[in-house]
1. When DSSP assigns beta bridges and you keep just the ones with both residues in the chain, what percent turn out antiparallel, to the nearest 5?
2. For the chain, what's the relative contact order in percent, using C-alpha pairs closer than 8 Å and at least 6 residues apart?
3. Which pairs break 21 Å Cα to Cα here: Lys102/Lys134; Lys142/Lys243; Lys157/Lys182; Lys125/Lys190; Lys17/Lys47; Lys19/Lys93?
4. So for region 113-243: antiparallel DSSP bridges make up what percent, rounded to the nearest 5?
5. Here are labelled values, (1) 21.9; (2) 20.7; (3) 18.6, and one is the computed Kirkwood radius over Cα pairs in Å for what I pasted. Which one?
6. Per DSSP H run of n ≥ 4, the term is -39500 (n - 2.57); total these for the chain, divide by its residue number, and report the mean residue ellipticity at 222 nm rounded to 500 deg cm²/dmol.
7. If packing is taken as the mean number of other Cβ atoms within 10 Å per residue, what is the order of 230-238, 162-170, highest first?
Amino acid sequence: MEQLKSILSEIGLSSYKIKTYISLLKLKSSLGTIQQIAKNSSVPACKLYENLKWLHENGYITLISEKPLSYRANNPKFIINSEIEKKKEKLDKLGKEVKSIKFDISAVEKDIMQITSTREAYFKKMKESAGNAKKSIIYTAKHWKVDAELIRLLQEKIKQGVKIRGIGPANSSEEKNIGWLKEIGVKIKKAELKETHFAVYDNSFVVISLRKEPEKSDYNSIFIKSETLAEIFTNHFDSIWKKI
């Protein structure tokens, strides 16, 4: 039930809606009157009717009887899969709309540092930096973590002629990710690097990771456009690359 609650929360249901729906699922008779639902859900009476109405209208439950008012919970597996498909359709539509939008954003000025402090912010900024690359991307990695969006982005960059190289650990648990990267054309060499991890885009834009443990909330990273700094890190990367 805890896993189900978490999933329902992720797809956007409020706490009261989740409690109401779960209380119906738990009823052995699969049939719940208002009194039974109220007793098992801990949802305030003033909120119960509106949540039952929403669940009924959105297909989570069905009405069995009006006198007395009784409901039955529908199978959560099919409901959740349906919600996922609806969200996919919405996201696909948004993705198409985003492509048609013209963003007029000025280029980052030289030597101005941009700082991210969370994992989500880091990866969004990193993907933005990769998306802007026109010639080359080099990076050192502590983990070969990728997602579908990043793979598609890097694949598109390689098709456009961007040369991408990475150095990271020979981690057997991440061979699948390494395989995906190699398959799309990323050049990879394996080495256990104990130093600060970094990336350089187009020999001008540098990303420096200050975090020690990626699993922790502290995910501080610096993004800076500096050709001087980029040259230092690029030379260092090439030195390591040749030694491996």
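Values quoted throughout were computed directly from the atomic coordinates according to the rules given, and no laboratory measurement underlies them. A quick note: this is a predicted structure, and the numbers were derived from the prediction, not measured. Note: ideal-geometry Cβ built from the backbone for every residue, glycine included; neighbour counts use all protein chains shown.
1. On the way: 23 of 32 bridges.
The antiparallel proportion sits near 70 percent.
2. Details: 317 pairs, mean separation 37.8, N = 244.
Contact order relative to length: 15 percent.
3. Values: Lys102/Lys134 19 Å; Lys142/Lys243 18 Å; Lys157/Lys182 14 Å; Lys125/Lys190 25 Å; Lys17/Lys47 9 Å; Lys19/Lys93 32 Å.
Checking Cα-Cα distances, Lys125/Lys190; Lys19/Lys93 exceed 21 Å.
4. Working: 16 of 25 bridges.
Among the beta bridges of region 113-243, antiparallel pairing accounts for roughly 65 percent.
5. Derived directly from the coordinates: (1).
6. Numbers: 9 runs with 119 residues, N = 244.
My calculation for the chain gives -15500 deg cm²/dmol from helical runs alone.
7. 162-170, 230-238
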